[in-house]
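What follows is a single structure, written as structure tokens, with notes after it.
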Amino acid sequence: RAFASYAADLDSMEADQLSFSQNNKRMSEAELNSRRSYTSLLLLDEFEMDAVLVTTPLIIAIFVAGISQFLVGYNTSVMNSPSSVVFQGHNTFQWSVAVSAFAVGGPFGAIMAGSLVDTRGRRGALTINTYTFLGGGILQTFATNMLFITIARFIIGFASGFSSVLVPIFLGELAPPTLRGTLGTLTQFCLVTGIFVSDLLAFPLATESSWRILFSVTIILSVAQIACFPFLIESPRWLLHRDKKSRRARLIIKKLRGLRHDHEIETEVNHFISASHAQSCGDAEERTNSGGAFVAMINDDRMWKLLVCSLILQMAQQLCGINAVFYY
């Protein structure tokens, strides 16, 4: 409250100086008091909004999306320890194919996610991703031979590639500005946590009688995600991109940000719309799924350097050899 009062005084002084420089006339005491009161109330409203940034819908969205990335890391490393107890008698080639099927499925899932997140929405795409994890987890847990293990690994790899594209988009669009950096790192944190937990559980469960329990974690967590679906919200930014007058988007924003007044909701709507326009490639907003947007991005001097840096970082991560440690 003290800061709001101080900031309001500074704003009134600046407004008075601006009025004098433009019109050679000072603001009256009544005008100064009115402006000071209005500014102070606006700042107090902003502080109250900041206090309720972490709402229940946001927590549920973080939980569901975080599980998907956890499963990516978990299934990256889960085949490491039980190699000697899963269907004993398999040869090195069979096991290598089963492990690498995960990496083969990943690119297909990433490509599919690019179109589904736009056509089905972020929530719809996350639903598809979760059921894909569930199907792969069931097949892997109840597999009768190495062929089924290999097919399951491909399906789970598909879901993992899908998740790696979807989750950062979903969380980035839901996160308030003050938490965007934190939630941006959450995807990688959940992934490496999944790797750690899979290695930790391998100590008691990587045995001939318990390896199926190790694989069943994917099923358990997918079911937990499905249980949260009735409370999972759609991305308001995706809804506003399709219809700027969407009442559903405004209702979601009200719940997501904990807002009470219509003018607060409309302010947040304008923030979403402005952010969407800022990230569009010129006039190619309607060509998001076409090659035109990609060409426009490359021709934009501000964007292609960022693209090259991102590609080099991703290539360095893969070529440094860390995946060999994760998988084997």
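The values are calculated or read from the model by the stated rules, or taken from the named source; none is laboratory data. What you are looking at is a predicted structure, and each value in this text was computed from that prediction instead of being measured. Using ideal geometry, Cβ is built from the backbone for each residue, glycine included, and neighbour counts are taken over all protein chains shown. For the accessible areas, the whole protein counts, side chains as well, though only heavy atoms, and no ligand, DNA or RNA atoms are used. Shrake-Rupley method; radii C 1.70, N 1.55, O 1.52, S 1.80 Å.
Key figures
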{"quantity": "Residue-normalised accessible area of the chain, expressed per residue, 1.4 Å probe, Å²", "calculated": "54"}
{"quantity": "Value at 222 nm in deg cm²/dmol, rounded to 500, when DSSP H runs of n ≥ 4 in the chain each add -39,500 (n - 2.57)", "calculated": "-26500 deg cm²/dmol"}
{"quantity": "Highest-fluctuation residue, Glu173, Glu208, Glu268 considered, GNM on the chain with Cα pairs under 10 Å", "calculated": "Glu208"}
{"quantity": "Simple spin-label estimate for Asp9 and Thr182 in nanometres, 7 Å along Cα-Cβ", "calculated": "3.2"}
{"quantity": "Within the accessible area of the chain (1.4 Å probe), percent carbon and sulfur", "calculated": "64"}
{"quantity": "FRET efficiency, 1/(1 + (r/R0)^6) with R0 22 Å, evaluated for Val192 and Gln314 via beta carbons", "calculated": "0.85"}
{"quantity": "Cα-based radius of gyration of the range 132-227 once divided by 2.2 N^0.38 Å, which approximates compact folds", "calculated": "1.24"}
{"quantity": "Against the rule of thumb 2.2 N^0.38 Å, how large the Cα Rg of the chain comes out", "calculated": "1.27"}
